[in-house]
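Since the structure comes first, as structure tokens, the remarks are kept for the end.
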Amino acid sequence: MTTIRSLKEYIAQTLSSYYPTEEAESIARRLLESAYGVSYPMLVITPPKDTQIHEGQKMIEGWMERLLNHEPLQYILGFTEFDGLRIKVAPGVLIPRPETEYLCELIRERFAPTAKKKLHIQAIDLCTGSGCIALSLSASFPNAEIEAVDQSDLALMTARNNIEAHPTLAPRLNLIKADLLSDTFIPTSEHYDLIVSNPPYVLEKERTEIHPHVLDHEPSMALFVSDKTPLLFYEAILKKFAHILSPEGLIAFEINQSLGHDTANLCSSHGLIAEIVQDQYGRDRFVFAKHKTNE
């Protein structure tokens with residue numbers, strides 16, 4: 001007789017040919033929870049009937065086949081958890097990363113003192129993708145009006161779906177279709193208190209280091225930037241926004257770990273003071289910038 005425990009062991013063992021043991025175990029639990037709509041501990045305590053287990057197993061085996069063909073788990077399930085929010089994802093839209101979740105945590109810590117002083121915060125999330133950062137900012141700062149910008153129709157459709165799925169946050173979020181690199185794109189507000197971006201920053205020469213489930217499935221336009229112009233997006237952002245950052249405002253970038261000093265120096269060239277900050281894995285992953293008078 002198949003039990004939830006034996007099914008989990010079967011899933012984890014099958015996936016261990018491709019995933020590390022701990023990750024395979026975690027994926028097995030997530031597949032079971034998605035198939036049966038119940039948390040794994042509750043599945044063990046109150047297991048489904050044999051017929052339900054069998055039906056769920058057939059669904060899971062289809063998911064496993066896709067996983068072993070390098071398709072990301074998040075695309076298979078159609079969502080991921082991000083900063084306490086359920087974020088829908090779909091092929092063609094970048095899957096939110098733990099590092100980006102950590103960026104949102106750092107923004108809360110660093111920007112909270114400024115946010116408490118203001119009745120209204122004007123914020124913008126450039127290259128919004130699924131809208132995960134914009135939604136996190138909306139949840140963190142109830143007095144913020146947030147613009148979420150992307151040029152991809154698919155990304156904007158996914159972001160809209162995510163915004164609509166969080167109706168308490170939606171009224172303060174405004175989606176904008178625009179090409180950040182185009183000369184025709186100009187800021188819609190006279191000033192911004194918070195400017196955030198996780199733009200493409202993986203160098204073309206780093207393609208060989210990218211895992212197949214990312215390289216073969218996630219959108220290249222959201223990942224890669226030319227080796228010749230690695231700071232292209234940061235340059236465009238700073239050119240258009242640095243001078244309209246409010247006196248106590250904050251810019252928060254996610255960056256290529258090998259380009260921390262270059263990105264910080266670019267911020268300095270626009271009259272800002274910049275700090276390189278490591279992610280939860282000890283890698284240079286973020287640059288925070290503010291006016292020099294706001295030290």
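The values are calculated or read from the model by the stated rules, or taken from the named source; none is laboratory data. Computed from a predicted model, the values in this text were never measured in an experiment. Glycine also receives a Cβ, built like all others from the backbone with ideal geometry; neighbour counts cover every protein chain displayed. Calculation scope for accessible area: heavy atoms of the full protein, side chains included, ligands and nucleic acids excluded. Shrake-Rupley method; radii C 1.70, N 1.55, O 1.52, S 1.80 Å.
Couple of notes before you dig in:
- When each of Arg66, Arg108 is tested for being over 30 Å from Glu275 (Cβ atoms), touching a Phe, Trp or Tyr at 6+ places or on another chain (Cβ under 9 Å) and not hydroxyl-bearing (Ser, Thr, Tyr), the lone residue that passes is Arg66.
- For Glu81: the one exception among (1) in contact with a strand residue (DSSP E or B) (Cβ under 9 Å, 6 or more places away or on another chain); (2) farther than 30 Å from Pro200 by Cα: (2)
- Among residues of segment 9-33, those that are open to solvent by 30 Å² or more (accessible area, probe 1.4 Å) and assigned to a helix (DSSP H, G or I), counted: 12
- Pairs are defined by a Cβ separation below 8 Å, a sequence spacing of at least 6 or placement on different chains, a first member in segment 23-49 that is more than 16 Å from Thr2 (Cα to Cα), and a second member that is among the charged types (D, E, K, R); the pairs so defined are Glu25/Lys8; Ser39/Glu33.
- Selection status of Leu215, within 17 Å of the chain's Cα centre (by Cα) and over 22 Å from Asp125 (Cβ atoms): yes
- Sub-6 Å Cβ pairs linking a first residue in segment 105-133 that is farther than 30 Å from Ser182 by Cα to a second residue that is open to solvent by 60 Å² or more (accessible area, probe 1.4 Å) and part of a loop (DSSP other than H, G, I, E, B), at least 6 apart or interchain, number zero.
- Counting only residues that are in a loop (DSSP other than H, G, I, E, B) and exposed (fewer than 13 other Cβ atoms within 10 Å of the Cβ), segment 34-82 holds 6 of them.
- Unmet requirement for Tyr192, which otherwise passes all of (1) of a type in the set (Ser, Thr, Tyr); (2) open to solvent by less than 20 Å² (accessible area, probe 1.4 Å); (3) at pLDDT below 95: (3)
- Members of segment 60-84 that are closer than 18 Å to Glu9 by Cβ and touching a residue at least 24 places away in the same chain (Cβ under 8 Å): Ile60, Trp63, Met64, Leu67, Leu68
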